[in-house]
Structures are given as structure tokens and as C-alpha cells.
Amino acid sequence: MNYMEKQMNLSLALYQKLYLIRRATQVICWEYPSDQIKTPVHLSMGEEAISVGICHALGQRAQFCGTYRNHGLYLSLTLETDKFFAELYGKKTGVAGGKAGSMHLTASEQGLIATSAVVGTTIPVAVGAAFANQVLGNEKTIVVFFGDGALNEGAFWESFNAACAWRLPMIFVCEDNGLATHTKKTKREGYDHICSIIPQFRCNVLSATTTDVEEIYQLALKAKELVENNSYPVFVHLDYYRYLEHTGTKQDFDKGYRDRGEFEKWFEVDPVKLQRGRLVKNFGLELEILEMEKNINEQIEKSVQLAKEAEFPEKVELFKGVLA
């Protein structure tokens, strides 16, 4: 296989994941008003390139922890939608039998250790997993995703300090949309930029403002190389824009904390649109793209129907898997 064929296959694989996440998000937005989805949702429309680029680059030798805005992370790693939608609908065929909902998705076989509804709580979990991997010598890298709001939590600073002191095989990915729910950075951060603070620790720092999934993919490969060869954690800072409200399925430009102009500026470089345009321009794959999109649409439609038809878990399940 020559270079162009490899590049085309990579570009297609990245677009498949981008489109899967975007389409799943759109379907959630359409279905949510029916009240059949039994969980709050924190949607990642606009940030798809981050989870896709990083997860695709790190492959099978990594493990992941994430936030409540985790649909993109789960779908990037699994490409499956049956258990995903069943969990959103609260059905026993879901990822966690209908008990986890949207905010606590896991996929241990694909390396997704944990996601959590509470800001910053999977960061110390990730540090513990990285320490275990270091002791075991299994050469696995831990990747933990968190929003810029987690930078205001003590759990981040304590965890990051420990990771740097112990030289743990970790990649910290800050998905920065400039907001902690509705609060902007200027009202909650006593420093100019996180990337002026983080280099004071013994670590590597990578930063980018891009919605291009292939640029993020290359950045992730560099992060992986640094962890493996430099033996220090890597802090990756990536800017993005959240298209929809903090929780729910609508845009919220009427709330007074941001305006439509910001959205329009970012939507010009929408990650799904960018990658689709690259495939058409560089490889002339319009027909192949349409077929891929059709297959994904049908996959998701089937998954939603299966979720609706599935049974709810028995009440006794509430008392299983509970530690007190």
C-alpha cells in the first residue's frame, strides 16, 4: 500500500468516526423531546475532532478516562451504537444495564475505564491507573479528558503534581471551550492562560487551536512519542466551541453569556465539514462518503428502534453492584 492509499484510508476512518458521533448527536436531539431518553445529556457537537483524533492515534496501547460529555469518547473507541442508545433509554440491554445513563459510560474491552458526572473526578482515578501500569510495567498509556472547568478543582492540581513527580505514563487532555457551564474564564481563573502555568511542572506541553481532526491526530502521535521516550506526562491543551447548551439539546444564545457570532465563526471550521471536504477534494470520494453516511444512518436508526423495544431492568437491579 503506497502513501496516498494509507492517507486515504486514514482520512476515511477518521471521517467515519466523526460522522458517527455527529449523527448520533443529531438523533439524540430529535428524540430527546419525546422524554423516552431517561437521562440528562451533555452533547459534544463541535468537539468531535478531539476524541476522534486522540483515540485513533493511540490505538490499543492506551486506556482512557473521561467526563460526563463522553459520547464522542465512547463512540470513537467502540463504533457501536446498540448498547449506547439502550443505555440512554434506560434499558437493560444498555452498556450498564440501564443504570449508568449518559454520564457514566464505560467500555473496558476498548480501554475506556471510567467517565463521571462530577467535574474532575476521573483525573485522580486516571493517576491511580497510570501508577498501576507503571508498577506492572505493561507499557500502557493513560489518557484523561477533562474540560477547562476542572482546572478550578483541587483534584486536578493534586493529581497532575503527583503524575509529574512520579513520571507517570499519562496524557492529560484539556478540552477547553472557555466555559464552566455558563461562567467564562475571566471570572474564575486568576492567571492569563493555563499553558503559562503548566510548564512550571516537570512535564511536556502541547497546545493547538484547531478543529482539524488530522492535525489533532498528529498532535496525539507526538504526545504518545513523548510519553514513551521522554518519560514525563504530557499536557495537551485544545480549544474548541460547544455548539449546544451545557445540558440538553438546544442552542442557548438567548441566555446572555455568549452570542451567535461566536458559533458562526467556529462553524466555518466545523470538524465534520472540514474532513468531508478534504476527502472530496483530495480523493474524489463523494460516492464512497454517501454510502458510508447511509450505512451509519441505518445503523443508528436500527439501534434507536432496538432501544425503544427493549425492556427496562427489574427493580431489584437497583440493589445490585452497590457498595456501602
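The values are calculated or read from the model by the stated rules, or taken from the named source; none is laboratory data. Keep in mind the model is a prediction, meaning the values are calculated, not measured. Ideal geometry is used to build each Cβ from the backbone, glycine not excepted, and the neighbour counts take in all protein chains shown.
Just to verify a result, which residue in segment 293-324, among those that are acidic (Asp, Glu) and loosely packed, with under 11 Cβ neighbours inside 10 Å, is nearest to residue 272 (Cα to Cα)?
Top of the filtered list is 298.
Among the candidates 157, 166, which residue alone is more than 20 Å from the chain's Cα centre (by Cα) and either among the polar types (S, T, N, Q) or closer than 25 Å to residue 242 by Cα (or both)?
Only one candidate passes the filter, namely 157.
On the given criteria, is residue 255 surrounded by 12 or more Cβ atoms within 10 Å (Cβ to Cβ), farther than 17 Å from residue 25 by Cβ and out of contact with any strand residue (DSSP E or B) (no Cβ under 8 Å at 6 or more places or on another chain)?
no
Would you please name the residue that is farthest from residue 219 (Cα to Cα), looking only at residues in segment 185-208 that are among the polar types (S, T, N, Q) and part of a helix (DSSP H, G or I)?
Ranking the qualifying residues of segment 185-208, first place goes to 186.
Looking only at residues in segment 210-248 that are touching a His at 6+ places or on another chain (Cβ under 9 Å) and among the hydroxyl-bearing types (Ser, Thr, Tyr), which one is modelled with the lowest pLDDT?
In this case the residue turns out to be 247.
Show the residue pairs that are 6+ apart or on different chains and have beta-carbon atoms under 7 Å apart, the first residue being within segment 108-134 and under 18 Å from residue 156 (Cα atoms) and modelled with pLDDT of 95 or more, the second being of a type in the set (Ser, Thr, Tyr) and in a helix (DSSP H, G or I).
114/122; 115/122; 116/122; 123/159; 124/159; 127/159
Within segment 223-255, track down each residue that is under 20 Å from residue 73 (Cβ atoms) and part of a helix (DSSP H, G or I).
223, 224, 227 - these are the residues of segment 223-255 that are under 20 Å from residue 73 (Cβ atoms) and part of a helix (DSSP H, G or I).
Report every pair of residues separated by at least 6 positions or lying on different chains whose Cβ atoms are under 8 Å apart, first residue within segment 163-177 and in contact (Cβ under 8 Å) with a residue 24 or more places away in the chain and among the small types (Gly, Ala, Ser), second surrounded by 24 or more Cβ atoms within 10 Å (Cβ to Cβ) and assigned to a strand (DSSP E or B).
Once the first residue is in contact (Cβ under 8 Å) with a residue 24 or more places away in the chain and among the small types (Gly, Ala, Ser) and sits in segment 163-177, its partners that are surrounded by 24 or more Cβ atoms within 10 Å (Cβ to Cβ) and assigned to a strand (DSSP E or B) give 163/170; 163/172.
Which pairs have Cβ atoms under 6 Å, sit 6 or more apart or on different chains, and link a residue in segment 306-317 that is within 15 Å of residue 85 (Cα to Cα) and in contact (Cβ under 8 Å) with a residue 12 or more places away in the chain to one that is surrounded by 10 or more Cβ atoms within 10 Å (Cβ to Cβ) and among the polar types (S, T, N, Q)?
Once the first residue is within 15 Å of residue 85 (Cα to Cα) and in contact (Cβ under 8 Å) with a residue 12 or more places away in the chain and sits in segment 306-317, its partners that are surrounded by 10 or more Cβ atoms within 10 Å (Cβ to Cβ) and among the polar types (S, T, N, Q) give 310/93.
Have a look at 123, 113 and point out the one that is buried (at least 23 other Cβ atoms within 10 Å of the Cβ) and either under 15 Å from the mean Cα position of the chain (by Cα) or of a type in the set (S, T, N, Q) (or both).
123
Looking at segment 24-37, is at least one residue within 19 Å of residue 209 (Cα to Cα) and among the hydroxyl-bearing types (Ser, Thr, Tyr)?
no
In segment 63-97, what residues are farther than 15 Å from residue 302 by Cα and free of Cβ contacts under 8 Å to residues at least 24 places away in the same chain?
Once the filter is applied, which keeps residues that are farther than 15 Å from residue 302 by Cα and free of Cβ contacts under 8 Å to residues at least 24 places away in the same chain, segment 63-97 yields 95, 96.
Would you mention how many residues in segment 213-242 are within 30 Å of residue 26 (Cα to Cα) and either crowded, with 18+ Cβ neighbours inside 10 Å or more than 18 Å from the chain's Cα centre (by Cα) (or both)?
13
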